[in-house]
Every structure is written in structure tokens, then in C-alpha cells.
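Notes to accompany the following structure.
Coordinate-derived values only; no laboratory data. Note that the coordinates shown come from a computational prediction; the quantities given were computed from them, not determined experimentally. Please note: Cβ atoms are built from the backbone with ideal geometry, for glycine as well, and neighbour counts cover all protein chains shown.
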Amino acid sequence: MAIIKELKEMDDFSLELEEDEGQYTIKINSYYGNSKEVVIPTSIGGIPVTVIGSYTFLKNDKLRNVILPENIKVIENGAFTDCTNLKEINLPESLVSIEDHAFENCECLAHIKFPENLVSIESYAFGNCDKLTNITIPKGLADIESNAFSGCKNLKEFIVDERNPVYTTCEGVLFDKNMTTLIMYPNGKKGGYVMPDSITTIAHSVFNDRNRLTQITFPAELMAFPYNSFYFCELLSDIMVDKNNPLFSSVDGVLFDKEGCNLLQYPQNKNNTVYTVPDNVVSIMKWTFYNCKRLTKLILPESLRYIDDYTFQSCEQLSEITLPMNLMYIGEGAFKDCTNLKTITLSKKTKTGYKTFSGFSGQIIYRD
């Protein structure tokens, strides 16, 4: 049995003794002090401190600086969440993993030097760290969740150690080593962006909340992109597609499948107040018109059969819409938060999903 004798080193912390194959280590679970600078001891009672536990420093607004010992291997989920005045932290070379939400909302944290042996950074680990402007990926980092730096509004570039076998960068954008998958696009990068010709896949959430992106061009080789890829891209006005792409097409900056039967994405900052969906469109896909605040009127074709989930959510200026007689289905939350919508006219035969009209307080007019 391990016995911890150095009680004076425990005054400000709650600890957890862990055992792995007969070796004892200590996890720091909570911090009760009020110091601006905190030094985590290398060991307590001769037992190494290796883990900063979940929510150890949660919402500690006094904390300015943390010094971690070289034994630390893991910073668990939410360990420093909402430490809004944390400006500096040293990450030791022993560190292997930074778990989800570990430093979320540390809005004063301006510089991060990742140790060379760091292996993984999980979801929202540095979400909303407003002062981060660039991130250097070390040689050993092999697993970064695509939303690890979500909401870092001033992040302009990723830099990758050329010895890293998994990642590379071009123009500050993060890719896999072969440059076939676009993994992260910096939140603070301004203007339009033309994807490299080699890109075949876009990772989940890559462009979400990139509110400085104005235009994007898909290359010929792009084969897939996730739904709601452009969630809260409030300045995006055009989505262009290389004419040789076999799966996607663009008409007046609006994204369709190659045949033009499925409307995939309408840019939120398009100038139109009225938009006429082309006659051959059969389906409007999930989130297509999300948050398009300028649209006041949509003209839908009689060819339309299917409206997916959340298609028109938060179209705040949309005032009326007439749905085609042959429309078969309207998905979940399709008209959610359309606060200015007064009337929806549709056929009695049209089926609706769960809470299709959630938040809609106007009049639904059924027609035969």
C-alpha cells in the first residue's frame, strides 16, 4: 500500500491514488486555492503526479499561470474550462493527451507550445480561445479532432513540423499528409478560398462558424462533404465548383448535385431577397437555407418532392411560402425559428416530421 506523508502539499488539492501494474501515480482532482500562479508538484510522498483530472480548475477566474511537472501525461476533459484569465501554461514533454474541452473558453490564452511527444487533442480542447493566432503541430501529434479549435476566432494558420507523419499544411490550412482530406480551416482566415486540386474529402465541421469566409471553390476531385459544413458562415456568398467535378455543380453560387436534382447548400450571405429554386429540383437537403437572414421569399418548383430536416431554420425574414402540391415530405424542424413567417400553404397529402413547424406561430393553409 502507498502512503502519502507530505500532507502540506495536499492543502489546495484533492487527490486520487491510482495503480497500474503495481505502480502508483497521483491524479489531481480539484484545486481549492485562490493563487494567480499554481505550481503542480512533481510528486507527493514520492509518488509522481501524472494526471490533471476532469474539471480540476473549472471556472477559476483568478488563475493566470500554471506550471506543470514533467510527469504529467494526461490533461482530462474540462480541466481548465472557463479559466477566462489564464494566460500561460507550460505543457511538459511527458504530455500524451489533451482531452475534450480541456481549455475551452480560456479566452486570454495566447500562446501554446505543444510538446513533441503529444499524441492526441480531443474535441473542443481549445474551443473559444480567442487570442490564439497560430498553432504549431509537433512531430508526434497524430490525432486531432476536427473541432479541437472551434470558435478560436482569431486563429489564422496552422504550422506543422515537417517530421509529422500524419499532417501537413498549405496556406495555413491543415490537411492529412497526402493532402487528400481537408482537416481544419482556421476560424480567423479571411476572404475566399480555393481548395487544392488533390482534395477528395472534407472532415466534419471544417467550415462551421468560419464567419470570415466569403467564397469557396470545390475542386474536381472532391467526392464528399458533410451536411451543415457551412453552419454559421455568415459572410459566405458563393460556393463554386470545378466544372470537371463528377458529383457537384454550382448555379449562381448555389451548390447542387451534378444533375441539379438536389439542392445542397445556399450561401447565407447571398444578396438575393427572393430566390427561385430551379424547376428540376426534387430534394432540398438538410440545413440548406439555415440562417439565410436576407431571404424574404422562396419560389419552389412543382418538381419538389422532399424537404429535409432543418432546411429553412432561422430564415428570420422569410414571410410566406407556398409548398408544391406534389411535395411528399417535410423534415424535422424544417421551419424552426422562422419568426417572420406568417403563412405556410401546403397539400393535405404532404407528410411532416417531428416538430416540423416548431416555433412557427402563423397560419397553416391546407389545399387539396
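Averaging over all projection directions, find the projected area of the Cα convex hull of region 122-199 and quote it in nm² with one decimal place. Working shown, then result.
Values: hull surface 18.9 nm².
Averaging across all directions leaves 4.7 nm² for the Cα convex hull.
Can you list the GluC sites (Glu not before Pro) in region 262-368 that are in a DSSP coil and have 12 or fewer other beta carbons within 10 angstrom? Could you put the intermediate results ahead of the total?
On the way: sites: E302, E316, E320, E332; in loops: E302, E316, E332.
Qualifying residues, ordered by number: E302.
Per the Kirkwood formula on distinct C-alpha pairs, the Rh of region 1-154 is how many angstrom?
This gives a value of 15.6 Å.
Which of I67, F225, I47 sits closest to the plus end of the dipole of the chain, meaning its Cα is farthest towards the positive end, when Lys and Arg get +1 and Asp and Glu get -1 on the C-beta?
F225
Find which of T339, Q363, T350 sits farthest along the positive direction of the dipole of region 323-368, computed with +1 on the beta-carbon of Lys and Arg, -1 on that of Asp and Glu, about the Cα centre.
T350
GNM, the chain, Cα, under 10 Å: largest mean-square fluctuation among Y193, Y32, Y306?
Fluctuation is largest for Y32.
Taking the square root of 5 times each eigenvalue of the Cα gyration tensor, what semi-axes in Å does the equivalent ellipsoid of the chain have, largest first? Could you put the intermediate results ahead of the total?
On the way: eigenvalues 463, 114, 57 Å².
Taking √(5λ) for each eigenvalue gives 48, 24, 17 Å, largest first.
Picking from L109, Y329, N187, whose Cα lies most toward the positive end of the charge dipole for the chain (charges on Cβ: Lys, Arg +1; Asp, Glu -1)?
Among L109, Y329, N187, the one farthest towards the positive end of the dipole of the chain is Y329.
At a 10 Å Cβ-Cβ cut-off, how would you order V241, V96, fewest neighbours first?
Lowest count first: V96, V241.
Order of D368, D12 from fewest to most other C-beta atoms within 10 Å? Present the calculation step by step, with values, prior to reporting the outcome.
Values: D368 6, D12 13.
With the fewest neighbours first, D368, D12 line up as D368, D12.
Assign unit charges at the C-beta atoms only (+1 for Lys and Arg, -1 for Asp and Glu), then state the dipole size of region 71-211 relative to its Cα centre in Debye, rounded to the nearest 20. It would help to have the intermediate numbers written out before the result.
Numbers: 12 positive and 20 negative charges, 85 e Å.
Computed charge dipole of region 71-211: roughly 400 debye.
Provide the packing ranking of 284-290, 201-207, i.e. peptides ordered by the mean count of other C-beta atoms within 10 Å per residue, highest first.
Numbers: 284-290: 22.9, 201-207: 19.3.
By packing density, highest mean first, the sequence is 284-290, 201-207.
With both partners inside region 224-368, how many of the DSSP beta bridges are antiparallel, as a percent to the nearest 5? Can you show the working numbers first?
On the way: 6 of 26 bridges.
That works out to approximately 25 percent antiparallel.
Quick one: dipole size for the chain, taken about the Cα centre, charges +1 on Lys/Arg Cβ and -1 on Asp/Glu Cβ, in debye to the nearest 20. Intermediate values should be presented prior to the final figure.
Values: 35 positive and 48 negative charges, 330 e Å.
Result for the chain is approximately 1580 debye, rounded to the nearest 20.
Region 272-368: D in µm²/s via Stokes-Einstein (Kirkwood Rh, Cα pairs, 20 °C, 1.002 mPa s)? Walk me through the numbers on the way to the answer.
On the way: Rh = 12.9 Å.
Translational diffusion coefficient: 166 µm²/s.
Give me the count of lysine pairs in region 6-134 whose alpha carbons sit under 17 angstrom apart, restricted to pairs 8 or more positions apart or on different chains.
Eligible lysine pairs with Cα atoms under 17 Å apart amount to 11.
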